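One structure is given below, encoded as structure tokens.
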């Protein structure tokens with residue numbers, strides 16, 4: 001299975017999640033998207049589940065030496081989550097990445113304001129939370145997001161993606177209560193390989209997609 005675009009992927013994922021939702025007692029369902037790519041996917045899921053939609057903004061941390069390689073991730077004001085093996089291989093310490101983290105944190109808060117404005121972050125305490133992204137490769141950002149959400153006390157924490165690396169998917173299962181992944185190709189180098197159209201999703205597109213949902217706490 002491959003996907004025409006993120007909307008198509010979201011519809012296919014929604015079909016699986018409707019079956020999943022029918023099999024359990026879900027409390028106060030909330031769908032959260034990892035922007036920007038996860039938002040068009042999550043919108044289809046939220047519509048199918050008749051659930052509110054909001055975003056959980058996360059940012060990857062990389063280095064000027066290897067900007068295409070993620071070595072960590074941040075969510076909200078939580079401390080960074082690092083890939084310790086990558087840090088050791090690059091002979092880096094957390095202290096040396098302080099400026100990079102500060103810059104990414106500023107960008108994270110800028111995006112939160114663009115996407116949500118002055119609306120409060122929805123509470124996840126006691127709720128069934130479905131976290132949606134457009135795919136999984138290293139899983140660093142998703143791991144940071146799941147751990148952030150877990151600390152805020154959801155009743156049930158679910159990760160849902162259209163495509164993911166089998167190794168990463170297996171590693172993430174202990175981080176959530178349920179995991180739904182439609183396709184797990186044996187060799188996944190980049191999520192975009194499984195989409196015919198994998199263009200950038202702009203801030204404006206994210207804000208416009210979120211607007212009708214008005215997710216609230």
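No lab work stands behind these numbers, since they all come straight from the coordinates. Since the model is a prediction, treat every value here as computed from it, not as a measurement. Note: ideal-geometry Cβ built from the backbone for every residue, glycine included; neighbour counts use all protein chains shown.
The angle separating the long axis of helix 6-22 from the principal Cα axis of greatest extent in the chain is about 60 degrees.
Take the Cα of residue 184, go 7 Å toward its beta carbon, and the backbone nitrogen atoms of segment 1-17 under 20 Å from that spot belong to 1-3, 10, 12-17. Pair-distance distribution of the chain: all C-alpha pairs, bin width 5 Å, starting at 0; shares per bin in whole percent are 1, 7, 15, 20, 21, 17, 11, 5, 2, 0.
Rounded to the nearest 0.05, the FRET efficiency derived from the C-beta distance between residue 204 and residue 4 at R0 = 22 Å is 0.50. Given their separation in residues at 0.36 nm each and the Cα-Cα distance between them, residue 22 and residue 99 gain 23.1 nm when the chain is fully extended. Given R0 = 30 Å, the distance between the Cβ atoms of residue 193 and residue 118 translates into a calculated FRET efficiency of 0.20.
Length gained on full extension, residue 213 to residue 15: 69.3 nm, using 0.36 nm per residue less the C-alpha separation.
Secondary-structure-derived ellipticity at 222 nm for the chain, considering helices only, amounts to -11500 deg cm²/dmol, per-run term -39500 (n - 2.57) for DSSP H runs with n ≥ 4. Remark: segment 60-113 projects, on average over all directions, an area of 3.5 nm² (convex hull of Cα atoms). Counting 0.36 nm for each residue step from residue 84 to residue 173 and taking away their Cα separation leaves a gain of 30.0 nm.
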